[in-house]
1. Could you please tell me which pairs satisfy a Cβ distance under 8 Å, a separation of 6+ or placement on different chains, a first residue in segment 82-107 that is closer than 15 Å to VAL68 by Cα and in a helix (DSSP H, G or I), and a second residue that is open to solvent by 50 Å² or more (accessible area, probe 1.4 Å) and acidic (Asp, Glu)?
2. Between THR43, THR57, which is within 13 Å of the chain's Cα centre (by Cα) and either of a type in the set (Val, Ile, Thr) or on the phi > 0 side of the Ramachandran plot (or both)?
3. With the requirement that a residue be open to solvent by 40 Å² or more (accessible area, probe 1.4 Å), part of a helix (DSSP H, G or I) and farther than 16 Å from VAL95 by Cα, what does segment 49-71 give you?
4. Only residues that are open to solvent by 40 Å² or more (accessible area, probe 1.4 Å), within 15 Å of ILE17 (Cα to Cα) and not polar (S, T, N, Q): list them for segment 77-93, please.
5. Would you point out which residue out of ALA74, ALA10 is open to solvent by less than 50 Å² (accessible area, probe 1.4 Å) and assigned to a helix (DSSP H, G or I)?
6. Of all residues in segment 15-48, count the ones that are out of contact with any Gly (no Cβ under 9 Å at 6 or more places or on another chain) and not in a loop (DSSP other than H, G, I, E, B).
Amino acid sequence: VFGKVLALSAAFTSGLINSPLEFRDGELGRRVSMADIQQGRLTPEGAWIPHTSFSGTEDLLAMAGFAVALARLAPFKLVILDELGRLTQDRRQAVAKRVTELVADRVIDQAILIDAGSERDVG
């Protein structure tokens, strides 16, 4: 059952985090990818990264992936993502593009993206 949720979460996380989410020995995580190494990670490719070691961005995106996966089972598929201000501008744009695609593909019905920490929203 958990494998199905992970497969569904990939509809959101693919391309937003560097490797697919996995569930290993009762723990959520992912494996070090070549993209991680190119970004300066010193851990060998294929090494396990538990969710407790995810960066804030990875954690946000991984949990959003689960929200998308779980929403697919609901009668109305609503995904709400907050704290988008933690993401870089390019990542915020990638997330917005991804949820737009998921709505267009009818994977989810609606998404609400909240970036309350952004300076452009103040005033």
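The values are calculated or read from the model by the stated rules, or taken from the named source; none is laboratory data. Quick caveat: nothing in here was measured; it's all calculated off a predicted structure. With ideal geometry, Cβ positions are generated from the backbone for all residues, glycine too; neighbour counts draw on all protein chains shown. Just the protein is used for accessible areas: all its heavy atoms, side chains included, with ligands, DNA and RNA removed. Shrake-Rupley method; radii C 1.70, N 1.55, O 1.52, S 1.80 Å.
1. Sorted first by the residue in segment 82-107, then by its partner, the pairs are VAL103/ASP109.
2. Selected residue: THR57, the only one of THR43, THR57 that is within 13 Å of the chain's Cα centre (by Cα) and either of a type in the set (Val, Ile, Thr) or on the phi > 0 side of the Ramachandran plot (or both).
3. Answer for segment 49-71, where residues must be open to solvent by 40 Å² or more (accessible area, probe 1.4 Å), part of a helix (DSSP H, G or I) and farther than 16 Å from VAL95 by Cα: HIS51, THR52, SER53, LEU70.
4. ARG86, ASP90, ARG91, ARG92
5. That would be ALA10, the only listed residue that is open to solvent by less than 50 Å² (accessible area, probe 1.4 Å) and assigned to a helix (DSSP H, G or I).
6. 10
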